[in-house]
Structure formats: structure tokens, C-alpha cells
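Engineer: My questions will all concern the structure given below.
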Amino acid sequence: MKEIKNLATMLFDLGFTKRSPLPGDLYELGNQSWIVGGKIFPDLKINAPSHVLKEGIWEPSTLDLWEWLIHNTDSLKIHQVNKAVPVCYLEMIINKTIINAKGAGMECAFFKAVLKVLLFKDNQPYSRRSLNQLYKKLRKPQDCDNKEYSLEG
């Protein structure tokens with residue numbers, strides 16, 4: 001879980017938008033993982049210790065990343081070429097610029113895509129080397145592609 005917490009922190013540091021807590025959200029605090037509970041209908045009532053929501057790190061889900069991409073790109077296409085190997089390819093268009101990302105599974109591909117969009121929107125040039133340097137700042141990250149940890153694609 002530490003790797004996911006570090007990846008989430010990286011996205012927030014680059015400008016990924018945090019939202020209000022919802023039931024089902026995952027938070028990391030210290031060496032503990034918390035799932036937010038509560039009532040969702042007819043009115044929302046969150047059930048979680050306030051210190052977890054204030055001090056913990058929210059870990060965006062695949063759906064959160066997907067929704068963010070929909071709202072922050074002009075176009076988003078998702079491709080899965082080979083069903084035997086779950087590699088997900090994304091093609092996004094922002095201001096007539098095409099940005100591609102890929103990863104082993106949707107969550108990894110969406111994370112890479114959000115990272116590239118954040119850097120693009122901040123006018124930060126990125127290359128494979130600069131993106132890999134961001135990853136190397138993490139402590140022992142898990143490899144989304146089962147190769148050297150890379151943001152290639």
C-alpha cells in the first residue's frame with residue numbers, strides 16, 4: 001500500500017484535484033488502511049474518524065482517475081489490444097495535442113495518463129526520462145508493467 005500512497009501523493013503534488021470523501025473511499029494513515037463508510041441514500045452521511053479524513057491520504061480509485069481524465073481532456077479513447085495480456089492503451093487529446101499512455105491494466109494506464117495530463121497542463125515538458133525520474137523518487141515502487149518501472153507509452 002505504501003507504493004499506492006506515494007503515487008497518490010505524487011498526483012496531488014502535481015495538481016490532481018481532491019474531492020470530498022465518499023463511502024467506499026480508501027485512505028492510508030500511518031500503517032493503517034481505512035475504508036470510508038456511511039449512508040448514501042436519501043442523504044449522504046459519512047462514517048469515518050475525522051482524523052483519518054484530515055490526516056490520511058486518499059487513494060483515488062480507477063473510477064476516480066477515469067472521471068478526472070474525462071473532465072480534463074478533450075477526447076479519451078481506451079484500447080485493449082490483447083485480452084490474454086491485460087495491457088491498456090489510452091489516447092487523449094488536449095488542445096489538439098495527442099497524449100498516449102499505456103499500462104498493465106486500467107488503473108496503471110489511467111495513473112500514467114493523469115500524470116502526463118497534469119504535466120502537459122502545467123506546461124512542464126516531459127520525456128520518458130523525466131517521467132521515470134518522478135517514479136524513481138518513490139520507495140521501491142511496484143512495477144505496473146512487470147519490467148523496469150517506466151512511464152513509457
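Engineer: To the nearest 0.05, how large is the calculated FRET efficiency for Asp74 and Thr9 if R₀ is 22 Å and r is the Cβ-Cβ distance?
Structural biologist: Efficiency, from the Cβ-Cβ distance: 0.20.
Engineer: Using θ = phi - 60° and the Karplus relation 6.51 cos²θ - 1.76 cosθ + 1.60, list the HN-Hα couplings for the range 23-39 in order, rounded to whole Hz, with x at every Gly or Pro.
Structural biologist: In residue order, the calculated couplings are x, x, 5, 9, 10, 10, 9, x, 9, 10, 10, 10, 10, 6, x, x, 9 Hz.
Engineer: Another question, if that's okay. Quote to one decimal, in nm, the extra length available between Glu67 and Asn95 on full extension: 0.36 nm per residue of separation minus the C-alpha distance between them.
Structural biologist: Details: separation 28, 0.36 × 28 = 10.08 nm, distance 1.87 nm.
Contour length minus Cα-Cα distance gives 8.2 nm.
Engineer: Student exercise: in the range 1-60, how many lysine pairs 8 or more apart or on different chains have Cα atoms under 17 Å apart? Don't jump to the answer; show the numbers that get you there.
Structural biologist: Details: Lys5/Lys18; Lys5/Lys54; Lys18/Lys54; Lys45/Lys54.
Value for the range 1-60: 4.
Engineer: Now a separate question. By its C-alpha gyration tensor, with a ≥ b ≥ c as the square roots of the eigenvalues, how is the range 17-59 shaped: rounded for a/c under 1.5, else prolate for a/b larger than b/c, else oblate?
Structural biologist: Details: a/c = 2.22, a/b = 1.75, b/c = 1.27.
Prolate, because a/c is 1.5 or more and a/b exceeds b/c.
No value in this document is a laboratory result; all are computed from the given coordinates. Remember, it's a predicted structure, so these values are computed and weren't measured experimentally. Because the Cβ atoms are built from the backbone with ideal geometry, glycine has one as well, and the counts that use them run over all protein chains shown.
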